[in-house]
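What follows draws every value from the coordinates through simple rules; no lab data is involved. Computed from a predicted structure; not experimentally measured. Note that we place each Cβ from the backbone using ideal geometry, even for glycine, and neighbour counts take in every protein chain shown.
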Amino acid sequence: MTLTELIASYGYYAIFIGTFLEGETVLIAAGFAAHLGILNLYWVIAIAFIASTLGDQLAFLLGRWHGKQLLERLPALRRKVSIVHALLERYHVPLILGVRFFYGLRIAGPIVIGMSNIPHIVFATLNMIGAIIWAVLVASAGYYFGMALEMWIADLKQFEEIALAIILVAGACIWLWRRKR
């Protein structure tokens, strides 16, 4: 089975799982695949919106219900609490809207926000607005990257497997590098 066939068969599932957790790389690759006609851009955006909203809602609720236990078990989360709380006090609306754009705060941010006194309905509303903005921008970046690449490479179809593999491998390398740091 080729990479294109794998993406055509399982791409939407990968988008859901990837964007539920973090998923910029998955979403950029999905946008690129949509440009190639393998996936539908509207479905890519819709699935990313739903999954990222659900992921952040779950993280918020984990923070609300089990925040103190999570802080005891996850020392990396403890280091981010003061950063998120300081930002939350001054800029709670922009922070909730944009938390998914800050690497390292995508999961920790909603957990810490859940530990605050921000009402759930406020977080849910701002989270959905932020999720749709994020899904449209990141998926479109992949889509328009495909358009730009097509300007440079006349017959992009013949290189689509290589281009998709490069995007996925580069994203995995960046993710591993950031995790190691």
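Rounded to 0.05, the FRET efficiency of the Phe101 and Glu161 pair, given R0 = 30 Å and the Cβ-Cβ distance, is 0.50.
A Cβ-based charge dipole, computed about the Cα centre of the range 3-180 with Lys and Arg at +1 and Asp and Glu at -1, lands at about 980 debye. Diffusion coefficient (Stokes-Einstein, Kirkwood radius over C-alpha pairs, 10 °C, 1.306 mPa s) for the chain: 93 µm²/s, rounded to a whole number. Here the Gaussian network model covers the chain, with springs between Cα atoms less than 10 Å apart; of Ile162, Ile15, Ile28, Ile162 fluctuates the most.
Legend: ranking of residues Trp43, Trp177 from fewest to most surrounding C-beta atoms inside 10 Å; resulting order Trp177, Trp43. In this rough spin-label picture, where each label sits 7 Å from Cα along the Cβ direction, the His92-Leu176 distance is 4.2 nm.
Placing a label point 7 Å from the Cα of His66 along the Cα-to-Cβ line, the residues of the range 103-120 whose backbone N sits under 19 Å from it are 106-116. With contacts taken as Cα pairs under 8 Å at a separation of at least 6 residues, the chain carries a relative contact order of 33 percent. Most tightly packed first, judged by the mean number of other beta-carbon atoms within 10 Å of their residues, the peptides 53-63, 72-82 read 53-63, 72-82. Taking label positions 7 Å along the Cα-Cβ direction at both Ile133 and Leu149, the computed distance is 2.8 nm, reported to one decimal.
In the chain, helices alone account for a calculated mean residue ellipticity at 222 nm of -28500 deg cm²/dmol, with every DSSP H run of four or more residues adding -39,500 (n - 2.57).
Sorting Trp152, Trp134 by the number of Cβ atoms found within 10 Å of their own Cβ, with the fewest placed first, yields Trp152, Trp134.
Computed extension length for Arg78-Val169: 29.7 nm, one decimal, from 0.36 nm per residue of separation with the Cα-Cα distance subtracted.
Projected label points at Ile121 and Leu58, each 7 Å from Cα along the beta carbon direction, are separated by 2.6 nanometres.
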